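*Asks:* Here it is: the structure, laid out below.
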Ligand code: PEP
Ligand code: MG
């Protein structure tokens, strides 16, 4: 195992000169978490799975059991659990959200908590109970946050449930622009590049013909990520990426150079990303990142990073 770790096939993520970038897994169930044994933890636990196709909200005990499965599989490690991200591409029948003219711009993600506070409070209570029953390091984050006020409200609810670590996802350009102020009220940020691309480029993530606009190498997207990385460096707080962009091995050194401190992806993407990071020093990552930010378009950005 030690030999493998030295060669970079397993073990923690780091640049060749030892700058740590945690390599985490995206999971949706206990089964996924067991399959992610090679990860340093979970960077995105999507909790929607339990709620899909349900006409009634799953009860507290059922939620505790589902969350505990993932926490138990990651004993001693970080698990970033995301509260319910319903709406738009993830419609949940029990919330009766039909009838919105633009669901992607409607009452989705954390916005639902304003209308249905009991859904969030039950979920936070279940997370807290499951956390107590295991020794995972549980961090809780909210999806689709747009303002510092929303983030502060969420952090207060997380802390009131007895959970010490609260964070928010950066999926809306308004949030990326206010990253440093957000870090004044939460402990960490996690950039959801799938939605951040969608909302930055006004391009529906479900429309395949818009792939060019949704390319994670788009300089405008990278500029927003850079703003978040800078905020992380200024505050000493954790800023991760958990969207599809995190699984691109060529992009990993760029993200590290922009100040990103963790990358969360599907477990099978981990080895290639680990190897890519291990091939560069932090100074090289920073030099590449600066060049890529100045690129004219995604193709030039890719060339500058190769
Ligand atoms: C994202 O938007 O990048 C993200 C990680 O969340 P989801 O794909 O579940 O919307
Ligand atoms: Mg998202």
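Read-outs throughout are calculated quantities, based only on the coordinates presented, and are distinct from any laboratory measurement. None of these values were measured; they are calculated from a predicted model. Every residue, glycine among them, receives a Cβ derived from its backbone with ideal geometry; neighbour counts consider all protein chains shown.
*Asks:* Between residue 220 and residue 75, with labels modelled 7 Å along Cα→Cβ, what's the label distance in nm to one decimal, could you check?
*Replies:* It works out to 4.9 nm between the two label points.
*Asks:* Let me ask you something else. Below 8 Å, C-alpha to C-alpha, sequence gap of six or more: please give me the relative contact order for the stretch 55-132 in percent.
*Replies:* 46 percent
*Asks:* On full extension of the chain, what length is gained from residue 287 through residue 160, given 0.36 nm per residue of separation minus the C-alpha to C-alpha distance?
*Replies:* So the extension gain works out to 41.5 nm.
*Asks:* Also: What ranking, highest mean first, results for peptides 39-49, 186-196 when packing means the other Cβ atoms within 10 Å averaged over each residue?
*Replies:* My ranking of the peptides, most packed first, is 186-196, 39-49.
*Asks:* Taking only C-alpha pairs under 8 Å that are 6+ residues apart, what is the relative contact order of the stretch 1-101 in percent?
*Replies:* Over the stretch 1-101, the number comes to 25 percent.
*Asks:* Any chance you could check the Cα centroid distance between the stretch 281-303 and the stretch 153-225 for me, in angstrom?
*Replies:* 21 Å
*Asks:* Under a point spin-label approximation (7 Å from Cα along Cα-to-Cβ), what is the residue 275-residue 211 distance to one decimal in nm?
*Replies:* 2.3 nm
*Asks:* Using the number of other C-beta atoms within 10 angstrom as an exposure proxy, rank 52, 124 with the fewest first.
*Replies:* 52, 124
*Asks:* For residue 297 and residue 181 in the same chain, what is the full-extension length gain: residue separation times 0.36 nm, less their Cα-Cα distance, in nm?
*Replies:* Answer, rounded to one decimal: 38.8 nm.
*Asks:* How much length would be gained if the chain were fully extended between residue 306 and residue 115, taking 0.36 nm per residue of separation minus their Cα-Cα distance, in nm to one decimal?
*Replies:* In short, 64.0 nm is gained.
*Asks:* Sticking with this structure for a sec: Could the peptides 17-26, 102-111 be put in order, highest first, of the mean number of other beta-carbon atoms found within 10 Å of their residues?
*Replies:* 17-26, 102-111
*Asks:* Using only the alpha-carbon atoms, how far is helix 219-235 inclined from the longest principal axis of the chain? Give it as 0 to 90 degrees, nearest 10.
*Replies:* 80 degrees
*Asks:* Given points 7 Å out from each Cα along the Cα-Cβ axis, report the residue 132 to residue 94 separation in nanometres with one decimal.
*Replies:* 2.2 nm
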